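All remarks here apply to the structure that follows.
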Amino acid sequence: MSESSSAVARPLLPNLLAINDLDLKQIQHLLALAADFQQQTPAKSLVGKRILLLFYEASTRTRTSFEVAARRLGAETVSITASSTSIEKGESLLDTVYTLRAMAIDAIVMRHSVSGSPVLVADHVDVPVVNAGDGMHQHPTQALLDAFTIIRHKQRIAGLKIAIVGDLLHSRVARSNIELLSRLGAEVRLCAPRTLLPPAFASLAPGLILTHRLEEALDAADVVMVLRIQMERMRESFFPSEAEYVHHYSVTADRLRAARPDAIIMHPGPMIRGVEIGADVADSPQSVIREQVENGVLIRMAVLQSALLPARFSKA
Amino acid sequence: MNLILKNGRILDPASGRDEIGDIVIQEDRIRDLGPGIAAPGPGTLDCTGMIVCPGLIDLHVHLREPGFEYKETIETGTRAAVAGGFTAVCAMPNTNPVNDNAGTTAYLLQRARELSSARVYAVGAITVGSRGEALASIGDMHRAGAVALSDDGRPVMNAQILRRAMEYASMFNMPVIQHSEDLNLSAGGAMHEGEVSLRLGLPGISGQSESTMIARDVLLAGQTGAHLHVAHISSGESIEAVRQAKKRGIRVTAEVTPHHLTLIDEDIKNYDANFKMNPPLRSRADRQILLEALADGTIDIIATDHAPHAAHEKQQEFTRAPMGIIGLETALPLTLRLVEQGHISLMRAIEALTSRPASIANLPGGKLQAGAPADVTVFDPNLSWTLDPAQGRSKSRNTPFAGWNFKGRAVYTVVGGRLVYQLHN
Ligand SMILES: [Zn+2]
């Protein structure tokens, strides 16, 4: 980003559409700001701001997380969900956005089932757009909260062995995490059946390790991130059956013995115990899955403040 | 009315002619051509510094009429054609109704006679409704004037139906134009499958969805003896299948679009659906293979796949926006750009836009010789200009080349001896 000396200071984060939009300084700023919010009750820095939560895909979890984050900073939220009338009537995405934009909105937080939709919207509005998950593309706040959670436990990212296991092909969480954790210096291993992990994945970041063998991915791992498997993929013949997936790729307590004893277990949710993750693992002391949800609010507070306030008021 | 094109560089791939000279047009025919044969007089167009070539012919155009007049009409589409230097276009049958019968073919050609600036040839559907299930009335459409067959927009998936269509079409010597795409392999896809689609999180259309279909179809063409014309070839692997088939004497020809020769998947910026088309922009390596195949003749011709769509249709989520871009007014400048970059010679470029397409579809134009129809394009190869889609003649503006600086542009377009387009600066 260029350093502007104009009278109106620009926000630190004009948009957050993908992890690769962020430089290292911005990443560190966001992580530090979230840590500050954890330490002390935050000031109501966003009083008078109105944030539009535009959710074209149902996600109570992420929408609530942004809502809580916004309100903790004093901002007002307007929630538009897939069941809202205008969306139901088949109005185009841009027409909906133009209409809502007229209601004095200061920022848009957006979730959509089609990759790139927040990018399209950001191209057509003059307020910050925060991507809350788009198709198979990106989910940047999820990756930031995952990095934040890892640092809480491991004090660092650099040098850690991080295994990401599950439906990588269809996962926006995976894409964002691969980019972010690799950039922060982790050794990232990707593990899935060949049908859900095409070789092109190796191009997403330097030094990625791709494997179809779970024990290889888990070997001496510091962090194990498990991704959801949708049974819809079975019908599309990405794998033969739920049972076979469980036999080969379910992260169970038994298999987890290959990882470091202090390895932490993560899952972006919603998870299905007994499929991609063993119940014994999901509820084990090593699991930080509930903490991820709490940290999500802190990271989203950091993102919203950085998107809405000029950089100099947004100090870490 | 007579017309004299004076002192231009006459390029005629059919005869190999490349010399400064004049073309004298009488009524709808070329009367004579050669160096210094005409004294200036009324009806003389000074072509000094310009290139005079056969009128460009586009075998692959979607005029959208009848049924989708909000995207394009015969009138606007052919106005765009002549502004781009095209004197003849082949209209694809995926209109509403589909041109799968003699009545619709006759209607289209009648409308074209009334409204068109360029010559319009009809491509009839291969199957009823282009649904791939039953043969369309191929013989009747041929009698009504259709010059080729295609279910373009859709492939003929059923090999038995395609085989029968080839056998039947070969009686009329009509090329069967296949939109080569295995719909099972491409299902749900929005862009080329590769590293870029993976990063953007967009479902992919693999190169194999095209190449496997072409591999099958050239074998069917070999068996039936029919003429298979591969529409908008895009994948490097497909080239090998065509090259081998040609070597074995199978009657196969292929076309490539200017955009596949120019852009690649990495050029897709900000999920702009003006970069979305089918087949999709392929990889850097694919494009390189296409350029070489065009130069060595494995790919026979350049065709635009001019596919107009309204702005509101394109300004949508990427996977929801329709496929296709307009191309009639950018084809010549994009091709000249390839010449400038040294990928193909000027003569080969003109051949791929004139005499070769004419011979593939058995059309009368495509050559400059005494007695031939007076379809002539004059372009200034050095004219610099910037593309502003709002200035285009097409009803639609869906092009990824907005703002591009080009060198070279049609200045005069003559169809049947009539000056139907003249560039005004
Ligand atoms: Zn096609």
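The values are calculated or read from the model by the stated rules, or taken from the named source; none is laboratory data. Keep in mind that what you see is a predicted model, and the values were worked out from it rather than measured. Reconstructed Cβ throughout: ideal geometry from the backbone, glycine too, with neighbour counts over all protein chains shown. Ligands, DNA and RNA are excluded from the accessible area calculation, which covers all protein heavy atoms including side chains. Shrake-Rupley method; radii C 1.70, N 1.55, O 1.52, S 1.80 Å.
For the segment B:194-205, counting C-beta atoms of other chains within 10 Å of every residue's C-beta and taking the mean gives 6. Between the beta carbons of A:Asp280 and A:Glu76, assuming R0 = 56 Å, the FRET efficiency works out to 0.80 to the nearest 0.05. Compute a Gaussian network model of chain B, connecting alpha carbons closer than 10 Å, and tell me which residue from B:Asn405, B:Asn278, B:Asn173 fluctuates the most. Maximum among the listed residues: B:Asn405. Taking the DSSP bridge list for chain A and keeping only pairs wholly inside it, about 5 percent are antiparallel.
Summed over both chains, the accessible area lost when B and A associate is about 1500 Å², using a 1.4 Å probe. Peptide A:116-123 shows a mean partner chain C-beta count of 5 within 10 Å per residue C-beta.
Legend: mean number of C-beta atoms from other chains within 10 angstrom of residue C-beta atoms, peptide B:312-321, equals 5.
Pairs of C-alpha atoms in segment A:140-288 farther apart than 24 Å represent 22 percent of all such pairs. Each principal axis of the Cα cloud of segment B:55-360 was taken in turn, and the coordinate range along them, longest first, works out to 49, 42, 40 Å.
Can you give the FRET efficiency to the nearest 0.05 for B:Glu27 and B:Glu237, using r as the Cβ-Cβ distance and R₀ = 41 Å? Step by step, r from the Cβ atoms, then E = 0.25. Taking 26 Å as the straight-line reach from the Cα of A:Lys44, the lysines in range (excluding those fewer than 8 positions away in the same chain) are A:Lys25, A:Lys315.
Inter-part distance, segment A:147-210 to segment A:249-316, computed on C-alpha centroids, equals 14 Å. Most tightly packed first, judged by the mean number of other beta-carbon atoms within 10 Å of their residues, the peptides A:172-180, B:244-252 read A:172-180, B:244-252. Among B:Ile51, B:Ile326, B:Ile177, which one shows the highest mean-square fluctuation when chain B is modelled as a Gaussian network with alpha-carbon springs under 10 Å? Of B:Ile51, B:Ile326, B:Ile177, the Gaussian network model singles out B:Ile51 as fluctuating most. Taking chain A on its own, what percent of its Cα-Cα pair distances exceed 27 Å? The calculated P(r) of chain A puts 43 percent of pairs beyond 27 Å.
In order along segment A:172-183, the phi-based Karplus estimate (6.51 cos²θ - 1.76 cosθ + 1.60, θ = phi - 60°) of 3J(HN,Hα) comes to 6, 4, 4, 4, 5, 5, 4, 5, 6, 5, 5, 4 Hz; Gly and Pro are listed as x.
For B:Tyr421, nonlocal amide neighbours, meaning residues 5 or more places apart or on other chains whose placed amide H falls under 5 Å from its own, are B:Thr413. For A:Val251, the residues whose modelled amide H falls within less than 5 Å of its own, excluding neighbours fewer than 5 places apart on the same chain, are A:Ile277, A:Gly278. Between segment B:249-310 and segment B:138-202, the alpha-carbon centres lie 16 Å apart.
In this label model, A:His247 and B:Ala159 are separated by 3.3 nm, measuring between points 7 Å along each Cα→Cβ vector. When only the Cβ of Lys, Arg, Asp and Glu is charged (+1, +1, -1, -1), the dipole of segment B:58-181 relative to its Cα centre reaches about 140 debye. Projected over every direction and averaged, the convex hull enclosing the alpha-carbon atoms of segment B:254-410 yields 9.8 nm². Surface composition of segment A:140-288: carbon plus sulfur atoms hold 52% of the accessible area, using a 1.4 angstrom probe and ignoring ligands, DNA and RNA. Here chain A is assigned +1 on the Cβ of each Lys and Arg and -1 on the Cβ of each Asp and Glu. Its dipole about the Cα centre then comes out at about 700 debye. The largest-to-smallest principal axis extents of the Cα set in segment A:147-228 are 35, 23, 23 Å.
Applying 1/(1 + (r/R0)^6) with R0 = 30 Å to the Cβ-Cβ distance of B:Lys247 and B:Glu340 gives a FRET efficiency near 0.45. Take B:381-391, B:336-346 and order them by the average number of nearby Cβ atoms within 10 Å per residue, most first; the result is B:336-346, B:381-391. Across chain B, Cα pairs under 8 Å and at least six residues apart give a relative contact order of 20 percent. Each part reduced to its alpha carbon centroid, segment B:212-241 and segment B:324-398 end up 25 Å apart. What Kirkwood Rh does segment B:44-151 have if only Cα atoms enter the pairwise 1/r average? Answer in Å. After inverting the mean inverse Cα-Cα distance, the result is 14.3 Å. Computed from Cα positions, the angle between helix A:60-72 and the longest principal axis of chain A comes to roughly 40 degrees.
Amide H contacts of B:Ala14: B:Leu368, each under 5 Å away and 5 or more positions distant or on a separate chain (H built 1.01 Å from N in the peptide plane; Pro and chain starts excluded). Here the relative contact order of segment A:193-316, from alpha carbon pairs under 8 Å that lie six or more residues apart, stands at 24 percent.
For segment A:40-148, the residue among A:His124, A:Leu54, A:Val114 whose Cα projects farthest onto the positive side of the dipole built from Cβ charges is A:Leu54. When the P(r) is computed for the protein assembly as shown, the part past 35 Å accounts for 53% of the Cα-Cα pairs. Computed over segment B:238-371, relative contact order equals 25 percent, with contacts defined as Cα pairs under 8 Å that lie 6+ residues apart. When the solvent-accessible area of segment B:55-360 is split by element, carbon and sulfur atoms take up 48 percent of it, the probe being 1.4 Å.
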